[in-house]
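The values are calculated or read from the model by the stated rules, or taken from the named source; none is laboratory data. Bear in mind the structure is a predicted one, so any value in this text is a computation, not a measurement. Here the Cβ positions follow ideal geometry from the backbone for every residue, glycine too, while neighbour counts run over all protein chains shown.
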Amino acid sequence: MAPAPPAIARLLLPRDDDFPRRAEELGFNFHAPDDREYWARDACYALAPEAIAALEAAARELHGMIDAAVDRVVARGDYAAFGFTDRLAALVEASHRAAEPSLYGRFDFRLAPDGAIKLFEFNAETPAALLEAAVVQLAWFEETPAARLGTDQWNRIDDALVARWPALRLPHLVHFAAEHERADEVAQVAYLMATARAAGHAAAFLPVEDISWQDPTGFVTPDGTPLRACFKLYPWDWLDAEDGGRLLPLGRTRWIEPARRMVAANKAILVTLWEMFPGHPLLLPASLDRGSIDGPAIGKPALGLEGHGMRVDGLDADASTEIAEGLPPSPTIWQAWAPLPGHATPQGDAFPVMGVWMVGDEPCGLGIREGDELVTTLEDRFVPHVVL
């Protein structure tokens with residue numbers, strides 16, 4: 001009997017230097033930052049339909065497990081492993097009691113050639129690479145002849161986002177904030193503004209550094225307009241560490257993502273998941289104690305972002321990454337080392353991580369990032385995908 005085809009394969013394609021320029025019309029103007037090719041112009045990943053179904057089922061199951069783990073953390077009231085200040089902990093608990101709804105999130109998965117899936121982490125607060133996954137790769141699939149190697153693409157993200165906004169129960173005007181010098185973040189926020197407008201909201205952008213406080217109104221824009229609802233592509237712990245952090249509990253702004261999402265986004269939730277579901281096939285052992293994990297392990301800052309500050313222990317080769325400047329200190333969470341499967345390229349092996357997008361409670365699409373090293377960082381490539 002012939003062996004089953006792999007769940008995922010990397011396909012070489014004729015190089016297309018024109019598509020990124022065409023995609024600029026979609027807001028994708030950061031495809032070559034610092035002369036580095038962020039969009040893969042000569043490859044795609046092809047996934048079997050069974051692999052897509054398995055990723056979707058894994059995301060749905062893990063989402064419920066994480067909800068249960070967050071409930072346990074909040075009921076316990078111990079946030080030492082999470083690195084939260086007392087103020088952040090209070091914001092989390094108030095948001096959790098109010099059951100503030102969430103817009104979106106992104107799971108990062110390891111997908112083996114045999115279809116086995118493992119959770120690396122859940123980006124539940126400020127997940128990146130949304131525009132690329134929701135819009136750019138769909139345009140690539142529809143416009144690029146080479147994409148017809150597949151029959152479909154797992155990509156319901158745009159429709160799901162438009163349908164989700166009413167469930168958040170927000171005022172008509174929603175502000176959207178990001179660091180104005182980050183082209184990728186401004187583009188992602190611009191895309192989310194478009195989905196909010198499609199859902200019937202008015203949307204306005206402001207640089208996150210332009211948010212200020214005005215008594216007795218609360219947080220306002222530079223012209224004094226109250227921030228009744230604000231999507232922010234900016235972490236809660238960064239806001240808390242700034243001079244205005246003391247004002248967060250006093251404001252009346254509805255923030256998206258809400259403060260309760262800090263728990264699900266934190267690497268310490270991996271420890272709670274392993275405590276609650278030991279041996280679960282989708283999980284890797286995780287602990288605050290390096291000694292409790294057999295074999296190689298990776299240490300992740302509880303409040304870490306974008307692959308910074310990873311410490312790999314127990315390997316002959318060093319796969320660690322540098323800590324980013326300015327990040328607040330936080331406990332190290334140890335997770336069993338499960339290296340990404342390598343896929344051959346003319347330049348050497350590439351290591352893809354599967355980013356499964358959640359909108360509300362539902363998985364709705366896939367974005368793949370790949371790098372030349374075993375730890376994925378912000379500088380790694382986005383590679384489109386097809387379904388066979």
Counting only residues that are out of contact with any helix residue (DSSP H, G or I) (no Cβ under 9 Å at 6 or more places or on another chain) and surrounded by fewer than 22 Cβ atoms within 10 Å (Cβ to Cβ), which one in segment 351-375 is modelled with the lowest pLDDT? Leu374
Being assigned to a helix (DSSP H, G or I), closer than 24 Å to Glu24 by Cβ and either at pLDDT below 95 or of a type in the set (Phe, Trp, Tyr) (or both) is the filter here; which residues of segment 140-167 pass it? Trp140, Phe141, Glu142, Glu143, Pro145, Ala146, Ala147, Arg148
Of the listed residues (Ala59, Ala99), the one being modelled with pLDDT of 95 or more and either assigned to a helix (DSSP H, G or I) or of a type in the set (S, T, N, Q) (or both) is Ala59
Can you spot a residue in segment 316-327 that is over 30 Å from Ala99 (Cα atoms), under 20 Å from the mean Cα position of the chain (by Cα), among the hydrophobic types (A, V, I, L, M, F, W, C) and at pLDDT 95 or above? no
Name the single residue that is nearest to Leu192 (Cα to Cα) among those in segment 70-88 being of a type in the set (Gly, Ala, Ser) and touching a helix residue (DSSP H, G or I) at 6+ places or on another chain (Cβ under 8 Å). Gly83
Look through Ala198, Ala146, Ala177, Ala139 and report the one residue that is in contact (Cβ under 8 Å) with a residue 12 or more places away in the chain and either under 18 Å from Gly105 (Cα atoms) or touching a Phe, Trp or Tyr at 6+ places or on another chain (Cβ under 7 Å) (or both). Ala177
Under 6 Å between Cβ atoms, which residue pairs at least 6 apart in sequence (or on different chains) link something in segment 364-384 that is at positive phi and without any contact (Cβ under 8 Å) to a residue 24 or more places away in the chain with a partner that is assigned to a loop (DSSP other than H, G, I, E, B) and not hydroxyl-bearing (Ser, Thr, Tyr)? none
Based on what the data block shows, is Gly279 free of Cβ contacts under 8 Å to residues at least 40 places away in the same chain, outside any helix (DSSP H, G or I) and either touching a His at 6+ places or on another chain (Cβ under 8 Å) or closer than 30 Å to Phe109 by Cα (or both)? yes
Return yes when Leu303 is crowded, with 18+ Cβ neighbours inside 10 Å, at pLDDT 85 or above, within 19 Å of the chain's Cα centre (by Cα) and assigned to a loop (DSSP other than H, G, I, E, B) and no when it is not. yes
Do you know which of the residues in segment 354-368 that are of a type in the set (Gly, Ala, Ser) and part of a strand (DSSP E or B) is nearest to Arg156 (Cα to Cα)? Gly365
Which number in (1) surrounded by 21 or more Cβ atoms within 10 Å (Cβ to Cβ); (2) within 18 Å of Glu257 (Cα to Cα); (3) not acidic (Asp, Glu) marks the one condition that Gln153 misses? (2)
Mind listing just one residue for me: the one in segment 168-184 that is part of a helix (DSSP H, G or I) and at pLDDT below 95 and, of those, surrounded by the most Cβ atoms within 10 Å (Cβ to Cβ)? Asp184
Just need a number here: residues in segment 73-86 that are on the phi < 0 side of the Ramachandran plot and surrounded by 14 or more Cβ atoms within 10 Å (Cβ to Cβ). 7
Scanning segment 199-240 for residues that are part of a helix (DSSP H, G or I) and under 23 Å from the mean Cα position of the chain (by Cα) gives Val208, Glu209, Trp236, Asp237, Trp238, Leu239, Asp240
Is it the case that some residue within segment 331-346 is in contact with a Ser or Thr (Cβ under 6 Å, 6 or more places away or on another chain), at pLDDT 95 or above and not charged (D, E, K, R)? yes
Condition met for Glu379 (assigned to a loop (DSSP other than H, G, I, E, B), acidic (Asp, Glu) and closer than 20 Å to Leu111 by Cβ): no
